[in-house]
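Here's the structure, in structure tokens; my notes come after.
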Amino acid sequence: MAAGFKKELITPDPTFETSLKNKRIALCFFENSTRTRFSFEIAARHLGAGTLSFSASTSSVSKGETLSDTIRNLEAMRVDAFVLRHPSSCAADFITGITSKSVVNAGDGSHEHPTQALLDMFTLREYFGTLEKLKVIIIGDVLHSRVARSNIYGLLSSGASVGLCCPVTLFPPDAARLGVTLFTDIDKAIGWADSAIVLRLQLERATGGYLPSLEEYSFYYGLTDEKLDRVQKHLLVLHPGPINREIEISNNVADRIQPPGFSQSLLLEQVTNGVAVRMAVLKTLLAPGSVS
């Protein structure tokens, strides 16, 4: 379904269906977001749905309103679904327990980011043709990354092999039980992989005791042309954004959308695919009878 929606998105004069006409979707973002928030809004509108944009800083949350009261108030306004981004892990699970409406997890704390993983997997499958036996290395702050967790589960369930590469302080405690290959040497990691998902380094980690310094992290784990040249292997590069340029990834690697070179960036392709994948998610949840 996402592939069909993408074809519509990239045509000069796209025409979209109205399967979600008269549906109202509340975009409840308790954290800042650009790609995820706007892609859900565009996805909803392309399907004919109306959207309510919620921002915690300009809502009654700033006056002490609880999450459950916010959701119940919006539900009383007859919204049909909630797209929730929240700093607390499992917030989306909590909301599903207090509403009968559809809830889409747009990222909850350090727990999960399911639609990001779906668009990453869609991007990889579009490029390679299949995820079966594909080797994907996830580089960066795995410990605190909701993107990493969702991608690990999604890729493994689709037959791919997953590796994690980061300093030992940024491995999750259960890393050895996740069914992944662990690397602390980035040369070995990218030499093993067909593709890399580079994670945003959360800059506060450098002052939280997880890293000696940003400079040292960048020297050992930043994805650069020099490191790719050493392994002499073409690598497809993804990143969920936002990018810390010249820290976890160099400008050249982030911006190289076409060879030559030993890498190819699909960062902007991911953004386009995010709209198509989220259209598919919303249609599946809110118009299941029209899904073929």
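What follows is calculated from the coordinates using simple rules that are stated; it is not laboratory data. The shown structure was predicted, so the numbers you read here are calculated from the model rather than taken from an experiment. Glycine gets a Cβ as well: all are built from the backbone with ideal geometry, and neighbour counts include every protein chain shown.
A convex hull fitted around the alpha carbon atoms of the chain yields 143 Å³ per residue. Residues of region 137-179 with an amide N closer than 17 Å to a point placed 7 Å from the Cα of Phe219 along the Cα-to-Cβ direction: 167-168. The relative contact order of region 114-255, computed from alpha carbon pairs under 8 Å that lie at least 6 residues apart in sequence, is 24 percent. For the pair Ser55 and Ser68 in one chain, pulling the backbone fully straight at 0.36 nm per residue adds 3.2 nm over the alpha carbon distance. Each helix, a run of at least 4 DSSP H residues, gives -39500 (n - 2.57); summed and divided by the residues of the chain, these come to -11000 deg cm²/dmol at 222 nm.
Averaged over residues, the count of other Cβ atoms within 10 Å places the peptides 139-147, 174-182 in the sequence 139-147, 174-182, highest first.
Angle, helix 267-286 long axis vs. longest principal axis of the chain, Cα atoms, 0 to 90°, nearest 10? The helix 267-286 is inclined about 30 degrees to the chain.
Using a Gaussian network model of the chain in which every pair of alpha carbons under 10 angstrom is joined by a spring, one finds that among Ile71, Ile25, Ile98 the greatest mean-square fluctuation is at Ile98. The simple spin-label model puts a point 7 Å past each Cα toward its Cβ; for Ser158 and Lys188 those points are separated by 2.7 nm. Each Lys or Arg adds one and each Asp or Glu subtracts one; over the other residues with Cβ under 13 Å from the Cβ of Gln116, this totals +4.
Using only alpha carbons, region 113-261 has a radius of gyration to Kirkwood radius ratio (Rg to Rh) of 0.93.
Once both labels are positioned 7 Å from their Cα atoms along Cα-to-Cβ, the gap between Met1 and Phe128 label points is 2.5 nm. Put the Cα centre of region 20-42 next to the Cα centre of region 168-236 and the gap is 31 Å.
Pick out, in residue order, every one of the trypsin sites (Lys or Arg not before Pro) in region 25-132 that is DSSP loop and has at most 15 other C-beta atoms within 10 Å; say none if there are none.
Numbers: sites: Arg35, Arg37, Arg45, Lys63, Arg72, Arg78, Arg85, Lys101, Arg125; in loops: Arg78, Lys101.
Hits after loop and neighbour filter: Arg78.
The slack in the chain from Ile257 to Asp93, taken as 0.36 nm per residue of separation less the alpha-carbon distance, amounts to 55.3 nm.
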